[in-house]
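A short write-up of the structure that comes next.
None of the figures in this text is laboratory data; all of them are computed from the coordinates on show. Note that this is a predicted model, so its numbers are computed, not measured. For neighbour counting, all protein chains shown are included, and Cβ atoms are generated from backbone atoms with ideal geometry for every residue, glycine included.
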Amino acid sequence: MTTPDFRPTHVIPQDGLSAWESPDPSRPTVPLDALLPVQLIDRLGDWGRVVCANGWSAWVDGRLLIAVPQAPPAAGSPLTRTADPRPLLARVEEALTRYRSAAEDLAAGRLDGQSFRGRTQGQRIGVVVDGESLWLYDGEHERWVYCDGTRLSTFAASEKPAAAAREPAPKEAPVGREPTRVVAYEEDDRSDV
């Protein structure tokens, strides 16, 4: 029986995947079948907690999960926002440049781990390029946008803004964030991005 509102975020690799009752290698459970659709609901380091369509959950090596691509907004649907993608592309490029600079300083020994965390704290970058299609994470508005080269449209957004993402994280920060959701396509009179 499939649980209501089950939307897979990942599939199990084609060789299957070992699973555990908890993020502890001494507590194995039944391995997951190849290409099984699952929903990743929690992370703890390299561990990922997944839920299957029938509601059963297990911990797996989250690095091995295969993300399920989401389709871009359907052609002909009204867009939530039409804006020039270049300002957001420039912000993403600047954020990536800052991260790369910090990573290079860390690798060269000019930064320690604490300083690296301080320089990169609060940065959230996301870019997926697939031919002419581009998905960008707009950290300012906490949403994914789709770009066809000339305009942006909201594709997915957080349930509500996560102010904690901009605050210093405690040493033992809670795992995960609110799930990303696909948004309805309604007209939005704001043109800033």
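Summary table below
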read-out: FRET efficiency for Arg151 and Ser26, using Cβ-Cβ distance with R0 set to 45 Å, rounded to 0.05; value: 0.30
read-out: Computed P(r) (all Cα pairs; the stretch 84-136; 5 Å bins; percent); value: 4, 18, 24, 19, 14, 10, 7, 3
read-out: Added length on full extension, which subtracts the Cα-Cα distance from 0.36 nm per residue, Leu44 to Val128; value: 27.8 nm
read-out: Extension gain from Ala34 to Leu89, taking 0.36 nm per residue of separation minus the Cα-Cα distance; value: 16.1 nm
read-out: Local electrostatic count at Trp47 - Lys and Arg +1, Asp and Glu -1, tallied over other residues with Cβ under 11 Å; value: -1
